[in-house]
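As structure tokens, the structure follows; a few thoughts come after it.
None of the figures in this text is laboratory data; all of them are computed from the coordinates on show. Here the structure is a predicted model, which is why all the values come from computation and not from measurement. Cβ sites come from the backbone with ideal geometry, for glycine too, and all protein chains shown count toward neighbours.
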Amino acid sequence: FTTSLTSKIAGIIGKSADAKKYKNQAENIKLAFIDEFITPNGRLVSHTQTAYALALSFGLLPDNLIEKASNYFAGDVEKFKHLTTGFLGTPLLCKTLSAIGRDDLAFMLLTRKEYPSWLYPVTQGATTIWERWDGQKPDGTFQAVGMNSFNHYAYGAIGEWLYGHVAGLNIDPENPGYKHILFSPHPGGDLSHASVEFLSMHGAIKSAWQIENNKFIYSIEVPANTTAKVTLPAAELNNLKVNSAPISEELKSKSKQIGNEVILKVGSGKYQFSYPFE
């Protein structure tokens, strides 16, 4: 991943020779990884949630084995009904599950309250992220003081998935600095609402959704001198209201229906999208 990223950075700043060098090196690393750690049936030698999350998210699998490895990954989560990851795997866990189309499992992990989970510490009165999933045990006793910080943000990396996937606020790599913003909310689990706000160099960016009376209501704020792409889940263009009124012909001409999603292009301003949502 680091080598591929270095290749992309080199290309952006005009270092074409370095870009080619690191791209080739990344491809060789991938081939070595496949040869050493992946069976012909897509199973990783280290058959763990962390191993699959890393391999899938870092693009280390051949195309013909991605689906099989994804199934092994999802199957492991389904088997345990909880996360088994540590500092390295946790940041990528829900993000990778969503990437392979298993939002159901990602939200299951998010909302679990039993140990190990993000919400277990909350049931124990936590207001910070712990170093260990069970820093304080159900009976009130503590883990060994040598490794038991109660303010240790590593597992808080779930925040990236919450902000970018659930609440739906993302940067566009082709237009850095939030000059062009990607809004793509993903409701799921038992959540009835989610919201996020980010103060960019252009101004405040907001993304907030709620489900109310079988209606999906999505509000965004696009700062001045920026543009945005909005992807609405489980939506139909003809049933869409914008700021409490039927979508205008002008905005409709800039929108399209792809499967069960509606994609719109908007300029700066405040928008509220609403439509029936089962």
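Miscellaneous remarks
- Leading residue at positive end of dipole, the chain (Cβ point charges), from PRO138, VAL122, LEU199: LEU199
- Dividing the helix sum by the residues of the chain, where each DSSP H run of 4 or more adds -39500 (n - 2.57), gives a mean residue ellipticity at 222 nm of -9500 deg cm²/dmol.
- Percentage of interatomic Cα-Cα distances in segment 125-183 larger than 14 Å: 66
- Centre separation in Å (Cα based) which lies between segment 160-218 and segment 227-248: 15
- Positive-end residue, segment 1-109 charge dipole about Cα centroid, Cβ charges, pick of LEU44, ALA19, LEU65: ALA19
- Spin-label model, THR84 to LYS265: label points 7 Å out along the Cα-to-beta-carbon direction sit 4.7 nm apart.
- Legend: distances between Cα atoms for LYS68/LYS256; LYS8/LYS270; LYS215/LYS265; LYS179/LYS270; pairs beyond 28 Å are LYS68/LYS256; LYS8/LYS270.
- Summary value for the chain: 10 percent relative contact order, contacts being C-alpha pairs under 8 angstrom separated by 6+ residues.
- Modelled FRET efficiency - R0 45 Å, SER46 with LYS229, Cβ distances, 0.05 increments: 0.75
- Segment 1-92, dipole about Cα centre (Lys/Arg Cβ +1, Asp/Glu Cβ -1), debye to the nearest 20: 240
- Annotation note: GluC sites (Glu not before Pro) in segment 101-197 located in DSSP loop regions with a Cβ neighbour count of at most 14 within 10 Å are GLU114, GLU174.
- The C-alpha radius of gyration of segment 40-161, expressed as a fraction of 2.2 N^0.38 Å, stands at 1.12.
- FRET efficiency, GLN272 to ASP190 (Cβ-Cβ, R0 30 Å, nearest 0.05): 0.80
- Summing Cβ point charges (Lys, Arg +1; Asp, Glu -1) relative to the Cα centre of the chain gives a dipole of roughly 540 debye.
- Taking label positions 7 Å along the Cα-Cβ direction at both GLU67 and ALA157, the computed distance is 2.9 nm, reported to one decimal.
- Estimated FRET transfer efficiency when R0 is 41 angstrom, pair ILE12-GLU249 (beta carbons, to 0.05): 0.60
- Per-peptide average of other Cβ atoms within 10 Å, ordering 38-51, 97-110 highest first: 97-110, 38-51
- Within segment 203-226: backbone nitrogen closer than 20 Å to the GLN257 label point (7 Å, Cα to C-beta): 215-218
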